[in-house]
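See below for the structure under consideration.
The values are calculated or read from the model by the stated rules, or taken from the named source; none is laboratory data. Worth saying up front: this structure is predicted, and the values here are computed from it rather than measured. Virtual Cβ from ideal backbone geometry, glycine too; neighbours counted across all protein chains shown. The accessibility values were calculated without ligands, DNA or RNA, using every heavy atom of the protein model including side chains. Shrake-Rupley method; radii C 1.70, N 1.55, O 1.52, S 1.80 Å.
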Amino acid sequence: MKRYSAFAVAREAMTYHQGWERAWRSPEPRDAYEVIVIGAGGHGLATAYYLGREHGIKNVAVIEKGWLGGGNTGRNTTIIRSNYLQDPSAAIYEKARALYEDLSQDLNYNIMFSPRGVMMVAQTHHEVRGYQRTAHANALQGVTTEFITPERVKELCPIIEINGPRYPVLGALWQARGGTARHDAVAWGYARKCSDMGMDIIQKTEVTGIRQKNGVVTGVETSRGPINCKKLCIVVAGHSSQLAEMAGFRLPIESVALQALVSEPIKPCMDVVVMANTVHGYLSQSDKGEMVIGGGTDGFNNYTQRGSFHHIEETVRALTETFPMLARLKMLRQWGGIVDMTGDRSPILSTTPLGNTFVNCGWGTGGFKAIPGSGFAMAELVARGEPGPLAAAFSLGRFTEGRFIDESVAAGVAH
Amino acid sequence: MSTRLTRAGRLIDPTRPLEFRFNGKRLRGFAGDTLASALLANDQMLVGRSFKYHRPRGIVASGAEEPNALVNMGAEGRFEPNQRATTTELFDGLSATSQNHWPSLEYDIGAINTHLARFLPAGFYYKMFIHPRPFWKHVYEPFIRQSAGLGRAPKARDADRYEHFYAHVDLLIIGGGVAGLQAALTAGRAGRRVLVIEQTPHWGGRAPVDGGEIDGQPTEAWIGDALAALSEMANVTLRNRTMGAGIYDHGYALGYERVSDHAPDGGDAPRHRLWRIRARHILSATGAIERPLSFAGNDLPGVMLAAAMRDYLVDYGVSPGDRTVVVTNNDDAYRTAIALKEAGLEVPVIADARDHATGPLAERARGMGIRVETGMGIAAVKGGKRVTGVALCAQAGEGAAREYVACDAVAMSGGWSPVVHFWSHCGGKLTWDRAGAMFRPDADHPPTGQDGLPMVTAAGAANGAMMLDACMADAVAQARLATIAAGGKARKTAPPEVECAAEQAIEPVWIMPQGAPIEARSKMWLDFQNDVKVSDVQLAAREGYESVEHTKRYTTLGMATDQGKLSNINGLAVLSDALNAEIPATGTTTFRPPYTPISLASLGGEAHGELFQPIRKTPIHDWGDANGADWEPVGLWRRAYAYPRDGETVEQAVAREVTNTRENLGLLDASTLGKIIVQGPDAGRFLDMLYTNMMSTLKPGRCRYGLMCSENGFLIDDGVVARIDDQTFLCHTTTGGAERIHGHMEEWLQTEWWDWKVYTANVTEQFAQIAVVGPNARKLLEKLGGMDVSPEALPFMAWADGQIGGFDIRAYRISFSGELSYEIAVPASQGRAFWDALMTAGQEFGVMAYGTEALHIMRAEKGFIMIGDETDGTVIPQDLGLDWAISRKKDDYLGKRAQVRSFMANPERWKLVGLETLDGSVLPDGIYAVGQGRNANGQANVIGRVTSTYHSPTLNKGIAMGLIQRGPERMGEVVEFARTDGGRIPARIVSPVFLDPEGERQNV
């Protein structure tokens, strides 16, 4: 693999960049692999990468129905934070955030992790108490956050209206080392490294069946023929229940559309990421200058990657109240993605009823930020056949035991 | 130079001159101009700078597809960046400035990037700026951010007004060109309710510029007749300046009307109007967009789309250049050459990439003395901020210049692409039309509605029928189908007689010349705004970004504010060629709404400021406003947190309110608490399933405190249920829970127990409810007189209807404070009068209003839980010592099965206790109790947390409630709480009931 650097770009410029090699190979599938990962999104590719890097398992294929990174990895609002409330969540998201810190160097691919700071503004007393609780929890979890005053909120984000007529800002939970990254680059960077390790990323290949013998998976049927494997890992957000059905088990997952939109690009006006849960909206400015806006999920299940327009309206309305200058900007593009929702809004990284098959799903509306941690924990689970400490709490068994990891807590209810 | 011709344009009113400013320069235009045509008329071809390389940019198009001519407009509350000059109607006093340059449009430091372009290919930032790590955030990224972006960020609050319209129609027609008008005639005559929306101020689309005849008259006359006929039809609505913005599932469409952008001082009209349209069927008659050609230097100001140049000439009487070279691969561009020549302008040569040009248009051009060179293309455009000439070459070669032709403008045409956005927004598929070299709607794979039938029909040029005769024939045929789909009847009719020039077939040309070397390919622009060149797309293909989505994202092709209207098809053709694949195999990127960017303010409509989530007000709200209420938002309500008096802090007020209520008399506006009527023969059975308690055994006239759990066993709400009569219950919910719990009830009734005879009604706003609390509560009611409120007549947990002080009331003997308490409901209309009566009569008993914080403190002193404080979605009733409220006699209730799961019954669960610091201080909110050591993930082990914490004015010390591992077994133990700064606070585990454990104060 040719290393990327400013020097390399300068060198290749001499030949008008005609000397660059492929970022990842486009191989024909082999007959068999040690591990097959279904789904070449961020989580699937990261799983493959850490299987190679941490566990020396490089005989791996990542099979993708469409194009790599084309699901939610390429559709999210790129926010990275780890200020979660529950211990298992904070552990895996903080692991992910920490891996993001030097992922560009690790992958030799600039994924543009930018720890510009994430604030979750509190606009009711109830939210203030909720975020104070999170700050206390984070301090014990080794996640650096603090509860800040409205004045500090305004200082960090001058375009916010803290004395709005409806919901004045009462403070915020601030994670200075949270931020954003370039979502596509995360998938591409992992793919390039996986390919370099000799793994096969097989795009445009749909898994149509799961081959089993005596309760053990022996391989998959695909649109390009059967491929055998010793271990199977299903990482297909948005289609998890369908793949599970193929494998013969059920998942406690509902699939709903989540939407986002961007404005036209403008000169920099906002350095931080702001999330406002009372009014259901979040906002950041991309390096291109677009204001990136995340909205809510539909109340019904579907697979269309489109959503109901009223969510866009509600989100925009809320954000233009919180950031009045947004009103004079224009919506450039809106889109949707299908997210897996579990009953407790926490992910599943788990063994399955099939001994050598593992599943990673249920990241809901917040999977992007978890990619490196998720891949790291999943690789450990697949390699050892049992979960390590990061994945342990996220087993399927928690639903039968009632051991939920509920992160909707801060949302709570008003009284 | 570009200039205004003496011959007036079709859309210009030469009698109405207008003044405007561009970059401070005072310029003149006419009514009917767009900002773009007016700029061209003033020889202002250079209008902006590109995104990445800061290259000089000129106007290239004449409509919504324009990628370059974006300007800042307005000031302060009306300042707005990124306004498209080609779709901005000129008005007197318009002031615009160009974007993305420093210090000026003419001399831009950022243009150094154009010299570094060779080092800044597609995706360069993924390969650079990797080391050293901190430099990305602190050095590289800030620099990139500064040079990116386009217009300036607005600062002020928007000064304009926006509104929403709602329309329900049988047929929505998007596009008011000849095809759209023809379809409107068909559907209108069939009696359908039709809405026709057109994005420009004018009807008829391109047809009047392109010439031809319909039904024996010039197109313009036919358009006039069609409009006259349509305006006679009451069932047809015509709206110009209204763009189709997007199509959503189930026949939902958005229209975006620019009501007063063209006349910003037009009184109190809204600026934009968002049309939310439900249509039985939608017809897309959105025309087509011309494609540029990819030759070296095709981005220089002065290079324009051929049809756009014709528009400026015919519609606005503006010539973009004196000497224009035309370059094409199809016949349509000849119309531009002919129009230029007819206007007395020079056309030194038409370079036609095809080997033959023998159609009538080519012959006519030749006949006018225009030199036509076939098999020729442009090797390079010369010039800096304006075209000065072109080098011609053989299209089949590698670009060896045959001839240099001086010129100041280039008109290019690479063919036309139907506007398929509205076909595609909801999943309609496209097919590659090889003969037309275009993607057009695939009639076999239309977007479908909820009934599985096609939801959208495409007609005319939008359906790939480009020539006027084919366009009208297709419009007639599709209009019939659309009319039937919209529920009407329509017979097959013959298309109108159309006269138009026949056209010779297009020859696809994606790179000019065919064998251009890399040096030339890295100067061929695909995306003018984002600076994506042919070489960039080829680089993406070389590096394995083979999916069209990968290429788009890697190169930013089509991601600019024009969303690739000019660049996408050319880009994917180049990609297909690089991959050695067929164009249809490569496919397109997804078409997403909106068609062109729409203002965020219009999405909000009127709902901003006071009208954004309007505040719900109880009948007593105004009294609170007049008496200094310190409001807090609770759901959509505002509740008084406290009522500070002169000179008091909020904390002092809260303490006074608690003390006064405990010692004398307090009034609480409890109107926001949810009140849901549940009625029917199965009401008791239903509530037995909903609550953990047994409700069916409750006697009329009595109240019972109930708990509601989710299916997963977790507490979701609590409240007092009163049985009104045999078949009627009134369920109180938390303030925030009213709508949610009502929805929860309905969900179960509608999906699971649909055969149970139960109705529910949310009557929260029908009643005002006032808590009369304190030792003097009964005295006050007795003074006002009426019903018997003695302990015998109205014991604790009973309710009764009656009169107090002449008001019809319902009194509930319930208490959330531990004091003698009556919650009294009156019809909402009587709420304020009753409150005033209580206040006046209560003076002698020391009455004071109290707010939510006093309420919270008093309930905490009594150890009563609060949903949302003690519960957070992970807590079951058993955790809170509420086992007594769980009926053991019932077979089932929601959550019962979940609560027997192993972890729910685990003795290690955190359970409710009271907490007191050793020094009487108040524990911080949300603080955790720490145990020994760390868990496998290195996190400190925790054994509990504080759920509610207050200073108790009654006990004059800090009190708290919390959940502690095995808490109730550990009474008297001291546990340590961890401050965020690492310090520890010891606190003792005590009973959560801090005051009056025997209930002597309330049961009097």
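Between region B:1-51 and region B:727-802, how many Å separate their Cα centres?
70
Going by alpha carbons, how many degrees (0 to 90, nearest 10) lie between the helix axis of A:125-141 and the longest principal axis of chain A?
50
With r as the distance between the Cβ atoms of B:N580 and B:L453 and R0 = 56 Å, compute the FRET efficiency 1/(1 + (r/R0)^6) and round to 0.05. Walk me through the numbers before you get to the answer.
Details: r = 39 Å, r/R0 = 0.70.
In this case the efficiency is close to 0.90.
Considering all projection directions equally, how large on average is the shadow of the alpha-carbon convex hull of region B:133-249, in square nanometres?
On the way: hull surface 53.5 nm².
Its average projected convex-hull area is 13.4 nm².
Check the straight Cα-Cα distances from B:K552 and name the lysines below 17 Å, setting aside those fewer than 8 residues away within the same chain.
Filter leaves A:K288, B:K52, B:K533, B:K565.
When DSSP beta bridges are limited to those with both residues in the protein assembly as shown, what percentage is antiparallel, rounded to the nearest 5?
75
Membrane-span-like helices in chain B: DSSP H runs reaching 27 Å or more (Cα, own axis), mean Kyte hydropathy at least 0.5? Walk me through the intermediate numbers first.
Values: long enough: none.
The qualifying helices: there are none.
What percent do you get for the relative contact order of chain B when only Cα pairs under 8 Å and 6+ apart count? Can you show the working numbers first?
Values: 2411 pairs, mean separation 87.6, N = 1004.
Contact order relative to length: 9 percent.
Any idea how far apart B:Q932 and B:D265 come out in nm if each label point goes 7 Å out from Cα toward Cβ?
For B:Q932 paired with B:D265, the spin-label model returns 8.2 nm.
Which distance in nm do the two modelled labels at B:L5 and B:H356 give, with both placed 7 Å along the Cα-to-Cβ direction?
Those two pseudo-labels are separated by 3.2 nm.
What percent antiparallel are the DSSP beta bridges of chain B, to the nearest 5? The partial results should precede the final answer.
Working: 136 of 182 bridges.
That works out to approximately 75 percent antiparallel.
How big is the antiparallel share of DSSP beta bridges in chain A, given as a percent to the nearest 5?
On the way: 45 of 65 bridges.
Roughly 70 percent of the beta bridges in chain A run antiparallel, per DSSP.
On a full-extension model of 0.36 nm per residue, what is the gain between B:T590 and B:E998, subtracting their alpha-carbon distance, rounded to one decimal in nm? All intermediate terms of the calculation are to be shown ahead of the outcome.
Numbers: separation 408, 0.36 × 408 = 146.88 nm, distance 6.86 nm.
Length difference between fully extended and current span is 140.0 nm.
Holding the Cα-Cα limit at 30 Å, pick out from A:K204/B:K429; A:K369/B:K675; B:K137/B:K523; B:K699/B:K779 the pairs that are longer than that.
Numbers: A:K204/B:K429 19 Å; A:K369/B:K675 41 Å; B:K137/B:K523 32 Å; B:K699/B:K779 28 Å.
Result: A:K369/B:K675; B:K137/B:K523 exceed 30 Å.
Binning every alpha carbon pair distance of region B:292-414 at 5 Å from zero, what are the percents per bin?
The distribution over region B:292-414 is 2, 13, 25, 26, 21, 10, 2, 0, given as percents.
Could you compute how much accessible surface B:F796 exposes when probed at 1.4 Å, giving the result in Å² to the nearest 10?
Looks like 60 Å² after rounding.
List every residue whose amide H lies under 5 Å from the amide H of B:T388, counting only residues 5 or more places away in sequence or on a different chain, with H placed 1.01 Å from N in the peptide plane.
Long-range HN contacts for B:T388: B:K382, B:G383.
How do B:M1, B:M695, B:M128 stack up against each other in accessible area, from largest to smallest, with a 1.4 angstrom probe? It would help to have the intermediate numbers written out before the result.
Details: B:M1 105, B:M695 0, B:M128 30 Å².
So, going from the largest accessible area down, we get B:M1, B:M128, B:M695.
Let me spell out the model: positive unit charges on the Cβ of Lys and Arg, negative unit charges on the Cβ of Asp and Glu, origin at the Cα centre of the protein assembly as shown. What dipole size does that give, in debye rounded to 20? All intermediate terms of the calculation are to be shown ahead of the outcome.
Details: 145 positive and 158 negative charges, 493 e Å.
Roughly 2360 debye for the protein assembly as shown.
Which residue, A:L170, A:C233, A:V216, has the largest displacement toward the positive end of the dipole of region A:153-240 when charges sit on each Cβ (Lys, Arg +1; Asp, Glu -1)?
Result: A:V216.
Counting pairs of Cα atoms in region B:191-233, how many percent are more than 12 Å apart? Intermediate values should be presented prior to the final figure.
Details: 589 of 903 pairs.
When every Cα pair of region B:191-233 is considered, 65 percent fall beyond 12 Å.
Take the Cα pairs of region B:907-1004, get the Kirkwood Rh, then feed it into Stokes-Einstein at 10 °C and 1.306 mPa s and tell me D in µm²/s.
113
For region A:1-108, which GluC sites (Glu not before Pro) are in a loop by DSSP, counting at most 13 other Cβ atoms within 10 Å?
Numbers: sites: A:E12, A:E21, A:E34, A:E54, A:E64, A:E94, A:E101; in loops: A:E21, A:E64.
For GluC sites (Glu not before Pro) across region A:1-108 that sit outside H, G, I, E and B with at most 13 neighbouring Cβ atoms in 10 Å, the list reads A:E21.
Region A:167-238 to region B:533-578: how many Å between their Cα centroids?
Between the Cα centres of region A:167-238 and region B:533-578 lies a distance of 25 Å.
Compare the Cα positions of B:Y759, B:G427, B:Q679 along the charge dipole of chain B (+1 at Cβ of Lys, Arg; -1 at Cβ of Asp, Glu; about the Cα centre) and return the one farthest towards the positive end.
Result: B:G427, furthest along the dipole toward the positive end.
So what's the projected area for region B:674-765, the Cα convex hull averaged over all directions, in nm²? The partial results should precede the final answer.
Working: hull surface 20.8 nm².
Over all viewing directions, region B:674-765 projects a mean Cα-hull area of 5.2 nm².
Consider all pairwise Cα distances in the protein assembly as shown and report the whole-number % of them above 64 Å.
Details: 189384 of 1006071 pairs.
When all Cα pairs of the protein assembly as shown are counted, 19 percent exceed 64 Å.
What is the Cα convex hull volume of region B:524-586 when expressed per residue in Å³? Mind dumping the intermediate values first?
Values: hull volume 4.0 nm³, N = 63.
Each residue corresponds to 64 Å³ of Cα convex hull volume.
Let me know the shape class of chain B, please: from the alpha-carbon gyration tensor, a ≥ b ≥ c as square roots of the eigenvalues, rounded when a/c is under 1.5, otherwise prolate if a/b is greater than b/c, or oblate.
Note, shape of chain B comes out prolate.
Note down the nm distance, to one decimal, between modelled labels 7 Å out along Cα→Cβ at A:T15 and at B:E232.
Label-label distance for A:T15 and B:E232, simple model: 7.3 nm.
Hey, what's the per residue convex hull volume over the C-alpha atoms of chain A, in cubic angstrom? Show your work: numbers first, answer last.
Numbers: hull volume 59.5 nm³, N = 415.
Per-residue hull volume (Cα only) is 143 Å³.
Applying 1/(1 + (r/R0)^6) with R0 = 35 Å to the Cβ-Cβ distance of B:T649 and B:E606, what FRET efficiency is obtained, to the nearest 0.05? Display every interim value, and only then the final one.
Working: r = 38 Å, r/R0 = 1.09.
The value I calculate is 0.40.
If you filter region A:29-91 for chymotrypsin sites (Phe, Trp or Tyr not before Pro), then keep DSSP loop positions with at most 14 other Cβ within 10 Å, what is left? Present the calculation step by step, with values, prior to reporting the outcome.
Details: sites: A:Y33, A:Y49, A:Y50, A:W67, A:Y84; in loops: A:W67, A:Y84.
Passing sites in region A:29-91 do not exist.
Would you please state the base-10 log of I(q)/I(0) at q = 0.17 1/Å for region B:1-158, with intensities from the Debye formula using one equal scatterer on every alpha carbon?
-1.01
Using a cut-off of under 14 Å, list every residue of region B:556-582 whose amide N is near the label point 7 Å from the Cα of A:K204 along the Cα-to-beta-carbon line.
Flagged as within label range: B:575-582.
Using the scaling law 2.2 N^0.38 Å as the reference, what is the normalised Cα Rg of region A:1-73? Walk me through the numbers before you get to the answer.
Working: Rg = 15.4 Å, N = 73, 2.2 N^0.38 = 11.2 Å.
Relative to the rule-of-thumb radius for its length, region A:1-73 sits at 1.37.
How much length is gained if the chain between B:E106 and B:A626 is pulled fully straight, taking 0.36 nm per residue apart and subtracting their Cα-Cα distance, in nm to one decimal?
On the way: separation 520, 0.36 × 520 = 187.20 nm, distance 6.04 nm.
Residue separation times 0.36 nm, minus the Cα-Cα distance, leaves 181.2 nm.
Say the dipole of region B:1-158 comes from +1 at the beta carbon of Lys and Arg and -1 at that of Asp and Glu; which of B:A36, B:H101, B:Y125 then lies farthest toward its positive end?
Ranked along the dipole, the leading option is B:Y125.
Quick one: Debye curve from the alpha-carbon atoms of region A:316-415 only, equal weights, vacuum; give me log10 I(q)/I(0) at q = 0.17 Å⁻¹ to two decimals.
Log10 I(q)/I(0), no solvent term: -0.85.
Dipole size in debye (nearest 20) for region B:292-414 around its Cα centre, Lys and Arg Cβ +1, Asp and Glu Cβ -1? Show your work: numbers first, answer last.
Values: 12 positive and 15 negative charges, 40 e Å.
In total the dipole reaches around 200 debye.
So, in Å, what gap is there between the alpha-carbon centers of region B:150-219 and region A:370-389?
For region B:150-219 versus region A:370-389, the Cα centre distance is 56 Å.
Would you pull out the residues with amide H under 5 Å of B:D531's amide H, same chain only if 5 or more places away, H placed 1.01 Å from N?
Amide H neighbours of B:D531: B:F51, B:K52.
Please state the charge dipole magnitude for region B:907-1004, taken about the Cα centre, from unit charges on C-beta atoms (+1 on K and R, -1 on D and E), reported in debye and rounded to the nearest 20.
Numbers: 11 positive and 11 negative charges, 65 e Å.
About 320 debye.
Suppose accessible area is computed on protein heavy atoms with a 1.4 Å probe; arrange B:W910, B:W756 from highest to lowest.
Correct descending sequence by accessible area is B:W910, B:W756.
If r is the Cβ-Cβ distance from A:K213 to A:K58 and R0 is 25 Å, what FRET efficiency results, to the nearest 0.05?
Numbers: r = 25 Å, r/R0 = 1.01.
So the FRET efficiency works out to roughly 0.50.
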